[in-house]
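Let me begin by presenting the structure, written as structure tokens, before commenting on it.
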Amino acid sequence: MVTDHSKSSQKRKSSLRIGLASLFIFSLLNLSTNVTLAHCDTMDGPLIADARKAIVQNNVNYALKWVQVENETEIKDAFTLMMKVRGFSPDAKALAEKYFFETLVRIHRSGEGVPFTGVKPSGTPIDEKVLAADKSIEVGNLSPLKGLVSEKDMPELTERFEKVMSLKNFNVNNVEAGREYIEAYVQFFKFAEGEVEGHAAHGHGSDCQN
């Protein structure tokens, strides 16, 4: 015989399960949304691309422009350790590079005041405006962003784009010039995405905000 107390208890348990399930689904949806907006914390993003260049060229300066001055030593130490260990075996190579990638992204995001949530795998969906902004820099004009940014915003976007292009060909060993480029790059991306203000990173907003 099922008592009223038992029925009440079952209802509470059922409500709790539904509530937890709803919270879990909401968290997944929120995470999915954030992932599509991510840029620098994916394996296909510009930060990891520069980390790979640093490895191929054995030159940490490719990566240093993404972090603040006070974090340079930690990145340099991580890079030195990674380069030593990666030659031991294929497994050591994979683990050492993963360690360096995660360290670089973590410190970069810390500089933004944004939590580190790991390095997202290749193929992670990226917002179409971010992809178009990257393509614009690649081809040297704003045609990829046509139709994605309102006409009233085009003068400001053009000004930011021209600044990026004027700073693009910096000497990789001039880390200060690299950071100046990243600042302009970030300001361009944030405006293209419709976010004029963002987290402060290296004294500027960041395209890596989730």
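The values are calculated or read from the model by the stated rules, or taken from the named source; none is laboratory data. Please read these numbers as outputs of a predicted model, since none were measured by experiment. When we count neighbours, we look across all protein chains shown, and the Cβ atoms used for this are built from the backbone with ideal geometry, even at glycine.
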- Which condition number does residue 97 fail, the rest of (1) surrounded by 18 or more Cβ atoms within 10 Å (Cβ to Cβ); (2) more than 19 Å from residue 42 (Cα to Cα) being met? (2)
- Query: Which condition breaks for residue 129 when tested against (1) touching an Asp or Glu at 6+ places or on another chain (Cβ under 9 Å); (2) closer than 27 Å to residue 55 by Cα?
  - Reply: (2)
- Query: Given the structure, is residue 195 among the acidic types (Asp, Glu) and either in contact with a Gly (Cβ under 9 Å, 6 or more places away or on another chain) or within 18 Å of residue 49 (Cα to Cα) (or both)?
  - Reply: yes
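Can you pull out the helices (runs of 4 or more DSSP H) entirely within region 50-150 that have at least 1 residues that are farther than 30 Å from residue 162 by Cα and assigned by TED's automatic domain parsing to the domain that holds residue 166? Steps first, please.
Values: elements: 61-64, 72-85, 90-112, 128-139.
By residue number, 72-85, 90-112.
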- Query: Within region 37-87, can you find the residues that are surrounded by 22 or more Cβ atoms within 10 Å (Cβ to Cβ), closer than 11 Å to residue 103 by Cβ and of a type outside the set (Val, Ile, Thr)?
  - Reply: 51, 63, 79, 82
- Item | Residue that is surrounded by the fewest Cβ atoms within 10 Å (Cβ to Cβ) [pool: residues in region 149-176 that are under 21 Å from the mean Cα position of the chain (by Cα) and in contact (Cβ under 8 Å) with a residue 40 or more places away in the chain] | 172
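Is it true that residue 143 is at pLDDT 90 or above and closer than 25 Å to residue 61 by Cβ?
On the way: at pLDDT 90 or above: yes; closer than 25 Å to residue 61 by Cβ: no.
No; evaluated as a whole, the condition is false for this residue.
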